[in-house]
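Visitor: Got a structure for you, written out below as C-alpha cells; questions coming shortly.
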Amino acid sequence: MASRIRLLLLDVDGVLTDGRVYIGDVMGADGSSSRVELKAFHIQDGHGMKMAARGGLEVGWISSRFSAVTSRRAKELGISLLFQPAPEQKPPPEKLEVARQIAAKLGIGLDRVCFMGDDLVDVPVLSAVALPVAVANAVPEVRRLAAYVTRKPGGEGAVREVIELILKSQGMWRKLVSKYGIGER
C-alpha cells in the first residue's frame, strides 16, 4: 500500500505537534499587550519532510484552526500545500473536501494518498484515503480506523516514522540517506 503513495497529508495539532497550544500575553515596555502562541515541532519530522520532497513524495498540511506559528513552520520547511482557515472563518471547511482538492490539484486520486490524524475531526479523511495512519496517542476511534499506528506519539517523530516507511517501500530511502555517507562503508 505505501509503495503507491504520492501524497502525504498531515493534520497539524496532535500529529506535527504534541497537541498542546500555549497561548499567552506579552507585555510591552509601554504597557501594551500582544497575544503569543507557541507550539513545538519535532526537528526529525522537519528533516523527514525535506527528505520526502527529495524523494518525490508531496507533503501537505491540513488544520482546522488558523495559526501563524503553523504558517511560519510550513514556510521554513517549504511546505506549499498548507491549508488552514482564515482566522475568523467559522466553521472551517471539512478536511475531506480539502484533501480532495489538494489531490485533484496534483492530478491524483485519494487512492494515492496517506493521511495522518489523531482525533475525531480526522475520521472522514482517514476513511477515504489509501493509507490511513494514526499517531500512537490518537483517540481509540482513530486508531481503530488506521491501517498503521505509529510507535511514536504526535509531535515526537511520528511523521518521520511514516515518511521512512513510505520511502523505504518505494525503494527511495537508501538513495536518500547515501547523501550522508550511510551505506557506503
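Visitor: Any residue at all in the range 72-81 that is at pLDDT below 95 and charged (D, E, K, R)?
Guide: Within the range 72-81, none of the residues are at pLDDT below 95 and charged (D, E, K, R).
Visitor: Quick check on Val26: is it surrounded by fewer than 16 Cβ atoms within 10 Å (Cβ to Cβ) and either touching a Leu at 6+ places or on another chain (Cβ under 6 Å) or not in a loop (DSSP other than H, G, I, E, B) (or both)?
Guide: yes
Visitor: Identify all residues within the range 52-72 that are assigned to a helix (DSSP H, G or I), in contact with a helix residue (DSSP H, G or I) (Cβ under 8 Å, 6 or more places away or on another chain) and crowded, with 19+ Cβ neighbours inside 10 Å; write none if there are none.
Guide: The first filter runs over the range 52-72 and keeps only residues assigned to a helix (DSSP H, G or I), leaving 52-54, 68-72.
Still in the running and in contact with a helix residue (DSSP H, G or I) (Cβ under 8 Å, 6 or more places away or on another chain): 52, 54.
Correct list: Ala52 only.
Visitor: Given the conditions (1) hydrophobic (A, V, I, L, M, F, W, C); (2) in contact with a Pro (Cβ under 9 Å, 6 or more places away or on another chain); (3) closer than 13 Å to Leu9 by Cα; (4) buried (at least 23 other Cβ atoms within 10 Å of the Cβ), and given that Val142 satisfies all but one, which numbered condition is not satisfied?
Guide: Just one mismatch for Val142, condition (3).
Visitor: Still on this structure, please answer the following. Take the residues in the range 95-129 that are in a loop (DSSP other than H, G, I, E, B) and under 16 Å from the mean Cα position of the chain (by Cα), then tell me which one is surrounded by the most Cβ atoms within 10 Å (Cβ to Cβ).
Guide: Going through the qualifying residues, I end up with Asp118.
Visitor: Going by what's in this entry, would Ile79 be described as over 22 Å from Ser169 (Cα atoms) and outside any loop (DSSP other than H, G, I, E, B)? Spell out how you get there, then give the answer.
Guide: Values: over 22 Å from Ser169 (Cα atoms): yes; outside any loop (DSSP other than H, G, I, E, B): no.
So Ile79 does not fit the description; no.
Visitor: Right, another one. Working only within the range 76-114, note down all residues that are of a type in the set (Gly, Ala, Ser) and in contact with a strand residue (DSSP E or B) (Cβ under 7 Å, 6 or more places away or on another chain).
Guide: Within the range 76-114, Ala99, Ala103 meet the criteria.
Visitor: Return yes or no: is Ser178 polar (S, T, N, Q), modelled with pLDDT under 95 and assigned to a helix (DSSP H, G or I)? Don't jump to the end; show me each part of the working.
Guide: On the way: polar (S, T, N, Q): yes; modelled with pLDDT under 95: yes; assigned to a helix (DSSP H, G or I): yes.
It is true that Ser178 is polar (S, T, N, Q), modelled with pLDDT under 95 and assigned to a helix (DSSP H, G or I).
Visitor: What number of residues in the range 66-92 are under 24 Å from Gly24 (Cα atoms) and touching a residue at least 24 places away in the same chain (Cβ under 8 Å)?
Guide: Qualifying residue count, the range 66-92: 8.
Visitor: Would you call Arg54 touching a Phe, Trp or Tyr at 6+ places or on another chain (Cβ under 6 Å) and within 30 Å of Lys175 (Cβ to Cβ)?
Guide: It is false that Arg54 is touching a Phe, Trp or Tyr at 6+ places or on another chain (Cβ under 6 Å) and within 30 Å of Lys175 (Cβ to Cβ).
The values are calculated or read from the model by the stated rules, or taken from the named source; none is laboratory data. These numbers come from a predicted model, not from an experiment. Don't worry about glycine lacking a Cβ; one is built from the backbone with ideal geometry, like all the others, and counts go over all protein chains shown.
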